[in-house]
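Undergrad: I have a structure I would like to understand better, so I am pasting it below and will then ask my questions one at a time.
The values are calculated or read from the model by the stated rules, or taken from the named source; none is laboratory data. It should be emphasised that the depicted structure is a prediction, and the values quoted were computed from it without experimental measurement. Backbone-built Cβ (ideal geometry, glycine too); neighbour counts: all protein chains shown. Surface areas here come from the heavy atoms of the whole protein model, side chains and all, with no ligands, DNA or RNA. Shrake-Rupley method; radii C 1.70, N 1.55, O 1.52, S 1.80 Å.
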Amino acid sequence: MKILFKFAPILIFMTLTACTQKEKADLIITNATVYTVDENFGIAQAIAVTDGKIAAVGTTEEVLQHFSSDTILDLENRTVFPGFIDAHCHFLGYGTGLLTRADLTGTKSFDEILEIMKTHQEKFPSAFWLEGRGWDQNDWPEKIFPTNVKLNELFPDHPVLLTRIDGHAAIVNQKALELAGISKDTSVEGGEIVQLNGELTGVLIDNAIDLVRGVIPHPDKEQIAEAFLAAQEKCFAAGLTSVHDAGLEKNELEVIESLYHSGQLKMRINAMLLPSDENLEAYMNKGITKTDHLTIRSIKLFSDGALGSRGAKLIKDYSDDPGNSGLLLRSPESLAEYCKKAYDKGFQVCTHAIGDSANRLMLKIYGDILKGKNDLRWRIEHAQIVSPEDFEKFGSYSVVPSVQPTHATSDMYWAHERVGAERIKGAYAYQFLMQQNGWIPLGTDFPIEDISPVKTFYAAVARKDLKGWPSGRFQPENALSRTDALRGMTKWAAKASFEENEKGSIEPGKFADFTVLDRDIMVVPEADIPSSRVVMTFIGGEQVFSALDK
Ligand SMILES: [Zn+2]
């Protein structure tokens, strides 16, 4: 491959003086397989980095001929990718969870959860609120929502909030219900307070959970800062160099800004703004924020709930729950109003839509405002169940479907029960969605799913779980090629936040963000992808993680 330089004049200069004078680089990487993810999907061997940016990419010989450096890293044939970008996650929520919440993912029964919460209380004896997250009744012997009877017995004096894996359902104990002022007569728009035989069960759906969340004391700035840093450490180890945080508040953004200022936060963040008046006043009204680390140019809306808790808004009733078609979390008028406000300010809109009805509604609202093809990159987050006649609207209005491949492989065990054999064909349809605009950003929605980009890649291309099930793949027609899956985690994820000129590929002039894996996931047998290990992660040419130090 021919060496590429930032500016053509340098190339001429270098050719003339290559024998006598080499340019000094801060870092040179050699002997690697470098997937540049440039226009031609070129593969190189070496990279030179200067001032946090990529100065040149080429063969080891070419780069060493033109550059010298005190730091030359021989990667011994490992594989380098552009730093992975998660286009939809909850970076702060994940960090907060690491510090304060019990991890309930993968639990096999409600009794197991009770045991975990007892241990959690022993670990945090001063905590008044006890929180856990990650349960999924679909993993239990009896796949039904629990009741809080045992929870009340175990924790009579401490409020307990245990959120379902998708964040759209929760079970709370009596103490929490009392503090939130929830009684049998309470009703809430866009939510449900579940009763059984005329008694509260403690199960809350969607907006009803906010009644409880609203009475939990907010973390102070110091705790928010700790959470960001805890999340950052784990994400670096997973090979992430940029994240799109799907919903942040003003005070949280202020913490991000001060952490960048002090040099502690290095993760690059595209922050979607939650649409409170205070947030919009502080960040949308002044226009787009764009620095090397922080981009704020979008708002996050929620149109419906989630499929697992039957809160996703469907056109027809749930196949396994006649009479129930899910919930809209906001009125169409209010959603449209926020969209218009954003449009006027030149902001991007990113709306959570899971059910086919919610997707149709958002495509209509977006379409009415955007009118035709455009480059505003308004996004539908998840685009999980789409009616066959609605797919082409993504193309007609250039709406970006922002999807999370591990959702497909987490939900494939039970999703068909919720929506039936016909509707499932338009569910988790990443290939169909990708074809509408020719590109698609990928993410995880962590902490709902694992943070690992490698697992995202595997789920996208294999459409199987980690045990290789199902052997025939889940809806194989909607798998992505390895090339497209990699683009979705790098270049296309950058494009989804208008950052494709700064990152997402290894090309001269872009940020020196890259991730080194122990194997080449573009060619290894599919079954060997999930066990890939991140060896090193670099942001702006700085090594922020190394497995070799451990
Ligand atoms: Zn999300």
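Undergrad: 7 Å from Cα along Cα→Cβ at both Trp469 and Glu61: what's the point-to-point distance in nm?
TA: Taking the simple label geometry, Trp469 and Glu61 are separated by 5.2 nm.
Undergrad: Considering every pair of different Cα atoms, what Kirkwood radius, in Å, is found for the range 54-187? Intermediate results must be reported in sequence, preceding the final value.
TA: Values: mean 1/r = 0.0535 Å⁻¹.
Kirkwood hydrodynamic radius for the range 54-187: 18.7 Å.
Undergrad: Sort out for me the Cα centre separation of the range 39-115 from the range 138-174, rounded to whole Å.
TA: 36
Undergrad: Between their Cα atoms, which of Lys250/Lys371; Lys53/Lys345; Lys316/Lys467; Lys250/Lys290 are more than 22 Å away from each other?
TA: In this structure, Lys250/Lys371; Lys53/Lys345; Lys316/Lys467 lie more than 22 Å apart at Cα.
Undergrad: Here is a further query. Just report the Cα centroid separation between the range 498-538 and the range 222-298, whole Å.
TA: A separation of 23 Å, based on Cα centres.
Undergrad: Ok, one more. Taking R0 as 22 Å, what's the FRET efficiency between Asn501 and Glu233 from their Cβ-Cβ distance, rounded to 0.05?
TA: Values: r = 29 Å, r/R0 = 1.30.
Using R0 = 22 Å, I get an efficiency of 0.15.
Undergrad: Next question. Just the number: Rg to Rh for the chain, Cα atoms, Kirkwood Rh, two decimals.
TA: A ratio of 0.98.
Undergrad: Additional query: Nearest 5 percent is fine: what portion of the DSSP beta bridges confined to the chain is antiparallel?
TA: Roughly 50 percent of the DSSP beta bridges within the chain come out antiparallel.
Undergrad: What per residue convex hull volume, in Å³, do the alpha-carbon atoms of the range 280-405 yield? Show your work: numbers first, answer last.
TA: On the way: hull volume 15.6 nm³, N = 126.
Each residue corresponds to 123 Å³ of Cα convex hull volume.
Undergrad: Can you tell me the order of 95-104, 453-462, 266-275 when each peptide is scored by its average per-residue count of other Cβ atoms within 10 angstrom, highest first?
TA: Ranking, from highest mean packing down: 453-462, 266-275, 95-104.
Undergrad: Placing +1 at every Lys and Arg Cβ and -1 at every Asp and Glu Cβ, with all other atoms neutral, what dipole size does the range 93-213 have around its Cα centre, in debye to the nearest 20?
TA: 240
Undergrad: What nm distance separates the two modelled labels at Leu548 and Asp277, each placed 7 Å from Cα along Cα→Cβ?
TA: Using points 7 Å along Cα→Cβ, the separation is 5.6 nm.
Undergrad: Continuing with the same structure: Please report, in debye to the nearest 20, how large the charge dipole of the range 221-539 is about its Cα centre when each Lys and Arg carries +1 at its beta carbon and each Asp and Glu carries -1 there. All intermediate terms of the calculation are to be shown ahead of the outcome.
TA: Values: 39 positive and 44 negative charges, 128 e Å.
In debye, rounded to 20, the range 221-539 gives about 620.
Undergrad: How many angstrom lie between the C-alpha centres of the range 312-362 and the range 363-440?
TA: Cα centres, the range 312-362 to the range 363-440: 13 Å.
Undergrad: I've got another one for you. Given axes a ≥ b ≥ c from the Cα gyration tensor, I'd like to know whether the range 477-550 is rounded (a/c under 1.5), prolate (a/b larger than b/c) or oblate.
TA: oblate
Undergrad: Report, for the range 221-539, the % of DSSP beta bridges that are antiparallel, rounded to 5.
TA: If I count the DSSP bridges inside the range 221-539, around 30 percent turn out antiparallel.
Undergrad: Find the relative contact order for the range 234-295 and round it to a whole percent, using C-alpha pairs within less than 8 Å whose residues are 6+ positions apart.
TA: 36
Undergrad: Work out how much length Glu526 to Glu222 would gain on full extension: take 0.36 nm times their residue separation and subtract the Cα-Cα distance, in nm to one decimal.
TA: So the chain would gain 105.1 nm between Glu526 and Glu222.
Undergrad: Kindly point out which whole DSSP H helices in the chain project their C-alpha atoms 24 angstrom or further along the helix axis while averaging a Kyte-Doolittle hydropathy of -1.0 or above.
TA: Details: long enough: 221-237 (25 Å, 0.01).
Within the chain the helices that satisfy the rule are 221-237.
Undergrad: Can you give me the % of accessible surface on the range 151-253 that is carbon or sulfur? Probe 1.4 Å, all protein chains present, nothing else counted.
TA: 46
Undergrad: Would you kindly work out the equivalent ellipsoid of the range 384-430 from its C-alpha gyration tensor and give its semi-axes, the square roots of five times the eigenvalues, largest first in whole Å?
TA: Equivalent ellipsoid of the range 384-430: 21, 14, 5 Å, largest first.
Undergrad: Enter the accessible area per residue of the range 93-213 (Å², integer; probe 1.4 Å; all protein chains in place).
TA: It amounts to 47 Å² per residue over the range 93-213.
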